[in-house]
1. Could you state the principal axis extents of the C-alpha atoms in region 1-113, from the largest down, to the nearest angstrom?
2. If R₀ is 22 angstrom, what is the calculated FRET efficiency for the pair residue 280 and residue 51, using the beta carbon separation as r and rounding to 0.05?
3. Taking each pair of distinct Cα atoms in the chain once, what is the resulting Kirkwood hydrodynamic radius in Å?
4. Where does the Debye-calculated log10 I(q)/I(0) of region 85-185 sit at q = 0.20, 0.24 Å⁻¹, using only Cα point scatterers of equal weight, no solvent?
5. Based on alpha-carbon atoms only, what is the radius of gyration of region 166-282 relative to the globular estimate 2.2 N^0.38 Å?
6. One quarter of the convex hull surface, Cα atoms only: what value does that give for region 59-121 in nm²?
7. Sorted by packing (mean other beta-carbon atoms within 10 Å per residue), highest first, where do 222-228, 273-279, 260-266 land?
8. Ranking 239, 61, 18 by Cβ neighbours within 10 Å, fewest first, what do you get?
Ligand SMILES: [Zn+2]
């Protein structure tokens, strides 16, 4: 039997939630209230471009439990201008900005050429190193395959970046970032973990066809895992098909506990501590 009281007292962390999206415009405060009621104590809102990065900061500024990341998403790479890096640098000055993201490679939508995506990614990685901020990484394979060029290119770029951090004895080498809503295979996860990255686990682990992800999560060390909703997307079972929201992060913690044969308290406390170490919040 699980002690319900002890679960209720634990703080859940949603490390990736697009709370600034207009999907939440009509009831954002109610969504936040439900999150608080569910025990969520920390939410990171990532940016997708300069405008949404600013929205993320504004929201984070308004509520103690909210934090922001600023960055240009790979599907927005064609909008990345020479001035964008400096704009991001200025945005990142806000004390509630805890990461650069989400940044990465997206070979699924392929809205811009791969070499441009890679350039926009490496530019932002350099900025993260300069500002000593960890990165929130998005990557998606062509055709949603479990592995392919996207994973290969990404790991190569991250290896180079992390080896630079290590060479310059940057403290960021100990907390370089997270591969959010991880959809890759075990080899990619292991390569990322070897580089010091965390692996973000989202709603698909709760799906009927979630077995490969469940096995991957069961095999990773718990101190390398972060939990996230990726709201409003990737709604976990049994709410699949509806809009996702941060209160549902508990369902993901619960599933991780189930596949790892441990308690939900262990999952909540360890992944919460992981997030605290990565994003350096209280
Ligand atoms: Zn996202």
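None of the figures in this text is laboratory data; all of them are computed from the coordinates on show. Predicted model, so just to flag it, every value in this text is computed and none were measured. Cβ sites come from the backbone with ideal geometry, for glycine too, and all protein chains shown count toward neighbours.
1. 54, 31, 26
2. Values: r = 26 Å, r/R0 = 1.16.
In this case the efficiency is close to 0.30.
3. Working: mean 1/r = 0.0538 Å⁻¹.
With all distinct Cα pairs of the chain included, I get 18.6 Å.
4. Values returned for q = 0.20, 0.24 Å⁻¹ are -1.02, -1.32.
5. Details: Rg = 14.1 Å, N = 117, 2.2 N^0.38 = 13.4 Å.
That ratio works out to 1.05.
6. Values: hull surface 18.6 nm².
Mean projected area of the Cα convex hull: 4.6 nm².
7. Numbers: 222-228: 21.7, 273-279: 19.6, 260-266: 14.3.
Per-residue mean Cβ counts within 10 Å order the peptides as 222-228, 273-279, 260-266.
8. Details: 239 15, 61 12, 18 21.
Ranking 239, 61, 18 by Cβ neighbours within 10 Å, fewest first, gives 61, 239, 18.
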